[in-house]
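Right, one structure below, let's go through it.
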Amino acid sequence: MKTQLLSLLLASSLAAPAFADRASNEPIQPIEPHEVTEPEKVELGKKLFFEPRLSASGFISCNSCHNLSRGGSDNLPTSIGHNWQEGPINSPTVLNSSMSVAQFWDGRAADLREQAGGPIENPMEMAFSHTLAIDVLQSIPQYREMFAEIYGTDQIDIDQVTDAIAAFEETLVTPNSRFDLWLKGDDDALTSAELAGYETFKNIGCTACHNGPAAGGTSFQRMGVVEPYVTDNPAEGRVSVTGDDADRFNFKVPTLRNVELTYPYFHDGAYWKLEDAVDVMARLQLGRQLSEEDIDNMTAFLKTLTGDQPSFAIPNLPPSTNDTPHPRPFD
């Protein structure tokens, strides 16, 4: 018995560093589950994320454009907002967005809290105002009670609203992808084609931009380095924030986590097939004409980055003051 125990301990001590070394030596690291430390705030943020009464029409919520059943996006080239207006840019996924260097394609919001307030008062999105949104929440007794319990004040303000939404969004990470299992030592997690695709992904230079736990989101890069990117989309990227012409057509590098779910691709949503997106990026950004086999293998690899999706019931929203239950949002 002692001999068997010593053998197991020795095997464990030898195997653990090998697993750790694989993850530490790769440009993409595993995503770890989020540890919730303020469950009441997260629950409030969840309700606000699904709350359509934060919009002028009473039908649009955060989940409308960042649908948690669709990889945190809406699978449209550009989102549909108030009065059926088409937005100017593709809706980025909210999943793993807490790992991004900034929010929005042009990085105009420093963090999730700042981002959460933007769509509420954007005339093409939720088309409300912060003042009216607060008035609505203040008029609903259950919301007043929840905010008072969490923030210790009877007066709700927009900073509390965005703080709660951000707390919920920070939980929207997607661990346990097959690629993460491979990083952690499961040699059977990936097929030979997927591993070949990952090697091509590294060898041609994709990891210069797509790295870290989110495989992207940590830098701004020019769209169309080797060849210009041709699009009718009016967005010009980071220049709209910095005013520096050198930032024209620089966009935040999107995360590749769950990328098979977040079509169509790029800031203009112009490409619906992941294979086409791989081909375009290789040619325009890296000057590489990939073979069909390389494209297929890289696409197979990218699909291994799909992790556990958020799993919870859509929250029951507090009724308005007339005690008539508000319908669940049509998201």
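Read the figures in this text as sums done on the coordinates, not as results from a lab. Model, not experiment: these values are computed from the prediction. Counting neighbours? That spans all protein chains shown, and the Cβs are built from the backbone with ideal geometry, glycine included.
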* To do: Describe numerically, in nm with one decimal, the distance between label points set 7 Å from Cα along Cα→Cβ at S219 and at D159.
  => 3.5 nm
* Within the stretch 272-323, list the chymotrypsin sites (Phe, Trp or Tyr not before Pro) lying in a DSSP loop whose Cβ has at most 16 other Cβ atoms in a 10 Å radius. => W272, F312
* Can you figure out the FRET efficiency of N83 with S291, using R₀ = 51 Å and their beta-carbon distance, to the nearest 0.05? => 0.60
* Quickly rank 42-49, 199-206, 182-189 as a protection proxy: mean count of other C-beta atoms within 10 Å, highest first. => 42-49, 199-206, 182-189
* **Taking the stretch 39-169 and dividing mean pair separation by its residue count, relative contact order in percent (alpha carbons under 8 Å, at least six apart)** => 29 percent
* Crossing angle, helix 2-25 versus the chain [Cα axis fit, 0-90 degrees, rounded to tens] -> 70 degrees
* Dipole of the chain, Cα-centred, from +1 at each Lys and Arg C-beta and -1 at each Asp and Glu C-beta, to the nearest 20 debye? -> 340 debye
* In nm, give the distance between the simple-model label positions of A110 and S311, each being 7 Å from the Cα along the Cα-to-Cβ direction. => 3.7 nm
* **In the stretch 213-285, the GluC sites (Glu not before Pro) that fall in loop regions by DSSP, at most 16 other Cβ within 10 Å** => E236
* Report the extension gain between V101 and D187 in nm, rounded to one decimal, defined as 0.36 nm multiplied by the number of residues separating them, less their alpha carbon distance. => 27.8 nm
* To do: Pull out a ≥ b ≥ c, the square roots of the eigenvalues of the alpha-carbon gyration tensor of the chain, then state rounded if a/c is under 1.5, prolate if not and a/b is larger than b/c, and oblate in the remaining case.
  => oblate
* Based on the Cβ-Cβ distance from N233 to H34, what FRET efficiency comes out when R0 is 41 Å, to the nearest 0.05? -> 0.80
* Structure fact -> Here the relative contact order (percent) of the chain, from C-alpha pairs under 8 Å and at least 6 apart, is 24 percent
* To do: Tabulate in residue order the Karplus-calculated ³J(HN,Hα) for the stretch 205-219, using 6.51 cos²θ - 1.76 cosθ + 1.60 with θ = phi - 60°, rounded to whole Hz; enter x for Gly and Pro.
  => x, 4, 6, 4, 10, 9, 9, x, x, 8, 6, x, x, 10, 7
* Structure fact -> Dividing the helical contributions, -39500 (n - 2.57) per DSSP H run of n ≥ 4, by the residues of the chain yields a 222 nm value, nearest 500 deg cm²/dmol, of -11500 deg cm²/dmol
* Within the set K202/K273; K41/K202; K46/K303; K202/K252, which residue pairs have Cα atoms separated by over 31 Å? -> K41/K202
* To do: Taking the dipole about the Cα centre of the stretch 150-238, with the C-beta of Lys and Arg at +1 and of Asp and Glu at -1, give me whichever of G197, V161, F220 is farthest to the positive side.
  => G197
* Can you give me the Cα centroid spacing of the stretch 122-149 and the stretch 50-116 in angstrom? -> 18 Å
* Relative contact order, percent, of the stretch 178-303 when contacts are C-alpha pairs under 8 Å separated by at least 6 residues? -> 31 percent
* Asked: Could you give the alpha-carbon Rg of the stretch 178-303 over 2.2 N^0.38 Å, rounded to two decimals?
  -> 1.10
* Asked: Can you work out the FRET efficiency for the pair S320 and M124, with r the C-beta to C-beta distance and R0 = 41 Å, to the nearest 0.05?
  -> 0.95
* So in the chain, what percent of DSSP beta bridges are antiparallel if you round to the nearest 5? -> 90 percent
* Structure fact -> Given unit charges at Cβ for Lys, Arg (+) and Asp, Glu (-), the dipole magnitude of the stretch 178-303 about its Cα centre in debye, nearest 20, is 420 debye
* Asked: Pairing the Cα long axis of helix 141-151 with the longest principal axis of the chain, what angle in degrees results, from 0 to 90 and rounded to the nearest 10?
  -> 60 degrees
* **Amide N proximity, the stretch 184-228 versus D244 label position 7 Å along Cα-to-Cβ, cut-off under 16 Å** => 219-223
